[in-house]
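Presented below is the structure to which this report refers.
The values are calculated or read from the model by the stated rules, or taken from the named source; none is laboratory data. Predicted model only: the values in this text are computed from it and were never measured. Here the Cβ is made from the backbone with ideal geometry for all residues, glycine too, and neighbour counts use every protein chain on show. The area values use the complete protein model at the heavy-atom level, side chains included, leaving out ligands, DNA and RNA. Shrake-Rupley method; radii C 1.70, N 1.55, O 1.52, S 1.80 Å.
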Amino acid sequence: MAQYMLLGNEEPSNNKETFLQQFCLLAKNATGAALLDVIKQVLDAPNVFVFGELLAEPNVAELKSGPNAKYYNTLNLFAYGTYKQFRAHQEDYIELTPAMQKKLQHLTIVSLAIKTKSIPYAVLLNELEIDNVRHLEDIIIEAIYADIIHGKLFQNTRILEVDYAQGRDIPPGYTGKIVETLQAWVNSCDSVSNCIDMQIKYANSEKAKRLYNKERIEQELINLKKVLKSQTSDSDESMQVDTHGPGTSGSSGMSQSEVRKKPTKMKNPRSSAVGLKFSK
């Protein structure tokens, strides 16, 4: 079996909004059993995964407090809830067909993918109440082909890595929390921007100091070279004066060769002695 499965490279489709608008038009003029039938159709529809506009229709909102409140609750569950919530309070909702249950599981995967991009199989098995890994992978692949998530299945490590997840409906009153989150993000960006500005100022200051030190050192080197050159010139002039001093030149002076003592040639004493003649 491959280490991972790369799926869902296509761009998200915009046809889902068109399908929802069609159901909204049907719901506007529907009442009674016809309206309930529209709700069942939209829950079964394979290409509809957002329901906020339909919930906002006046005749649909009226179901909330009437005898058919279960239909409204079920539509609200598909808009904002998860499969685990359905399993915990099945008495509050209408009976779901297998297609509806699978769709709610797909929406639950989307909710998890919005919160984190790396989802362990264990979390998915728990949230979807599935005890078979192969069944879980089938559900995930179906969600990917439905174009509501894109990602990779790492079968060795049992992790779903999400690259893209379609957004779900925003619950009423949740916009305030979104504003707070965005404001916190803006404040964080401002802090980072201020920190960057301070670092830029510090870097510019350090650069100016280094340039000043470099120029100072270069000027000192120039001055030092001038001093050394001046000292060398004075030394040369002094040496020239010494070589032309007294006793070293002139007609009355004695050359070094003259100063040397010439070697004296000694005569043989025998050859120079006076001969004596003895007679008997």
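Within segment 120-137, residues that are under 11 Å from THR108 (Cβ atoms) have Cβ atoms under 7 Å from residues that are surrounded by 14 or more Cβ atoms within 10 Å (Cβ to Cβ) and among the aromatic types (Phe, Trp, Tyr) in these pairs: GLU127/TYR83; LEU128/TYR83; GLU129/TYR83, counting only partners at least 6 apart in sequence or on another chain. Of the listed requirements (1) surrounded by fewer than 13 Cβ atoms within 10 Å (Cβ to Cβ); (2) among the small types (Gly, Ala, Ser); (3) modelled with pLDDT under 90, ALA30 misses just one: (1).
Residues checked against (1) of a type outside the set (S, T, N, Q); (2) open to solvent by less than 90 Å² (accessible area, probe 1.4 Å); (3) under 24 Å from the mean Cα position of the chain (by Cα):
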residue	(1), (2), (3)
ILE170	yes, no, no
VAL192	yes, yes, yes
ALA203	yes, yes, yes
GLU206	yes, yes, no
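Among the residues of segment 149-160, some residue qualifies, meaning at least one is without any contact (Cβ under 8 Å) to a residue 40 or more places away in the chain and of a type outside the set (Ser, Thr, Tyr). Kindly check whether there is at least one residue in segment 145-165 that is β-branched (Val, Ile, Thr), open to solvent by less than 40 Å² (accessible area, probe 1.4 Å) and under 29 Å from ALA61 (Cβ atoms). Within segment 145-165 (the criterion being β-branched (Val, Ile, Thr), open to solvent by less than 40 Å² (accessible area, probe 1.4 Å) and under 29 Å from ALA61 (Cβ atoms)), the answer is yes, since at least one residue qualifies.
Is one or more of the residues making up segment 245-255 at pLDDT 65 or above and open to solvent by less than 100 Å² (accessible area, probe 1.4 Å)? No. A single member of LEU36, LEU20 is in a helix (DSSP H, G or I) and farther than 23 Å from ILE149 by Cα, and it is LEU36.
None of ILE94, ILE130, ILE139, ILE114 is closer than 21 Å to TYR174 by Cβ and either hydrophobic (A, V, I, L, M, F, W, C) or surrounded by fewer than 19 Cβ atoms within 10 Å (Cβ to Cβ) (or both) except ILE114. Close Cβ contacts (under 8 Å, 6 or more residues apart or on different chains) running from residues in segment 32-58 that are at positive phi to residues that are outside any helix (DSSP H, G or I) are absent.
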